[in-house]
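Asks: Handing you this structure, nothing more for now.
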Amino acid sequence: MLVIRSLLFLLIQLVLTPVFSTLAILTFPFSPLTRYRLISSYARTMIRVLKVVCGIRHEVIGIENIPSTPCVVLCKHQSAWETLALQAIFPPQAWVLKRELLWIPFFGWGLAMTSPIAINRSDGKGAVKQLLKQGKERLAQGFFVVIFPEGTRIPYGERGKYKVGGALLAVSASAPVVPVAHNAGRLWGRNSFIKHPGLITMSIGAPIVTTGLKADEINKQAETWIENEIQQLAH
């Protein structure tokens, strides 16, 4: 039954993705924030499909911690689930991604309409400069900036190295950092086709005020909170 439900979800996703990608391209005449609000309806739709088809529900703890003004969101990355859920839970947001994704016909073109922060990850210091420049621009435009500090999806129960880029952006832009923990990998694992029914909990921490702090200190605070919170969610 799990295989059938997971297959049905995939088929629906394969049908809807090209449709939404085409619609995303057609949002070009609108302002960046309006484009985002229209395009993110895809993520909200897929979250509903996931609930109906696969039985995956979610709850949010600490939603009152989301600031009313743009900030840097540092989120645990375990699954594809959070790439959808963050769009359904947080205000308009810009994502850090590798620029090659924007070159994919239709999908990449539609993705470009969401005002992502596209960087050349192989450029090292150049990538950090791109992150800081584009990140400050997106914050000024009214976007929250979402960064997965571990850089890639980490299997549930494991821990990756937290990179300092997001904290550097927060310091450079004098923006607060909001840490986010969740246990999505328990039901929808990294690169997993099978999706298990159940409840995913996302926990949003209190904003970390970055004034007077160094990027390493901010990064460590966020890492400590996220990893400790994940341990709490496991009980």
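Asks: Using +1 at the Cβ of each Lys and Arg and -1 at the Cβ of each Asp and Glu in region 2-233, identify which of I47, Y156, T22 lies farthest towards the dipole's positive end.
Replies: Farthest towards the positive pole: T22.
Asks: Follow-up question, since we're still on this one. Name the residues whose placed amide hydrogens come within less than 5 Å of the amide hydrogen of A94, ignoring near sequence neighbours (fewer than 5 apart) on the same chain.
Replies: Residues meeting the criterion, in which the H sits 1.01 Å from N, are F144, V145, V146.
Asks: Can you list the HN-Hα couplings for region 222-235, worked out from phi with the Karplus curve (6.51, -1.76, 1.60; θ = phi - 60°), rounded to whole Hz and with x for Gly and Pro?
Replies: Running phi through 6.51 cos²θ - 1.76 cosθ + 1.60 with θ = phi - 60° gives 5, 4, 4, 5, 4, 5, 5, 5, 4, 4, 5, 5, 6, 8 Hz.
Asks: Taking springs between alpha-carbon atoms closer than 10 angstrom, which of G55, G185, G110 fluctuates most in the Gaussian network model of the chain?
Replies: G55
Asks: Set the Förster radius R0 to 45 Å, insert the Cβ-Cβ distance between M1 and E158 as r into 1/(1 + (r/R0)^6), and round the FRET efficiency to 0.05.
Replies: Efficiency at R0 = 45 Å is approximately 0.95.
Asks: Further question: Run the dipole for the chain about the Cα centre, Lys and Arg Cβ at +1, Asp and Glu Cβ at -1, nothing else charged, and hand back the magnitude in debye, nearest 20.
Replies: 440 debye
Asks: For a quick check: with amide H placed at 1.01 Å from N, whose amide H comes under 5 Å from H58's, ignoring anything fewer than 5 positions away on the same chain?
Replies: So H58 has HN proximity to I200.
Asks: In sequence order, what are the phi-derived ³J(HN,Hα) couplings for region 146-153 according to the Karplus relation 6.51 cos²θ - 1.76 cosθ + 1.60 with θ = phi - 60°, rounded to whole Hz, with x for glycine and proline?
Replies: 9, 9, 9, x, 7, x, 8, 5
Asks: If a/c stays under 1.5 just call it rounded; otherwise compare a/b with b/c (prolate if a/b is bigger, oblate if not). Do that for region 53-100, with a ≥ b ≥ c from the square roots of the Cα gyration tensor eigenvalues.
Replies: Verdict is oblate for region 53-100.
Asks: Separation of region 175-198 and region 106-121 by C-alpha centroid, Å?
Replies: Centre-to-centre (Cα) distance: 22 Å.
Asks: Got a sec? Charge dipole of the chain, +1 on Cβ for Lys and Arg, -1 for Asp and Glu; which of L131, A206, T224 is way out at the positive end?
Replies: About the Cα centre, the residue reaching furthest to the positive side is L131.
Asks: Expressed in nm to one decimal, what extension gain is obtained for the pair K125 and N191 from 0.36 nm per residue of sequence separation less their Cα-Cα distance?
Replies: Working: separation 66, 0.36 × 66 = 23.76 nm, distance 2.90 nm.
Length difference between fully extended and current span is 20.9 nm.
Asks: Something else about it: Go through region 40-50 residue by residue and turn each phi into a ³J(HN,Hα) via Karplus (6.51, -1.76, 1.60, θ = phi - 60°); whole Hz please, and just put x for glycine and proline.
Replies: The phi angles translate into 5, 4, 4, 5, 5, 5, 5, 5, 5, 4, 4 Hz.
Asks: Now a separate question. Compute the FRET efficiency between S41 and V209 as 1/(1 + (r/R0)^6), taking r as their Cβ-Cβ distance and R0 = 41 Å, and round to the nearest 0.05.
Replies: Working: r = 33 Å, r/R0 = 0.81.
Working from the Cβ atoms, E equals 0.80.
Asks: Could you check what % of the DSSP bridge pairs in region 2-233 are antiparallel, to the nearest 5?
Replies: Numbers: 4 of 23 bridges.
In region 2-233, DSSP labels about 15 percent of beta bridges as antiparallel.
We did not get these values from a lab; they are worked out from the coordinates using the rules stated. For clarity, every value in this text was computed on a predicted model and none was experimentally measured. FYI the Cβ positions are ideal-geometry reconstructions off the backbone, even for glycines, and counts take in every protein chain you see.
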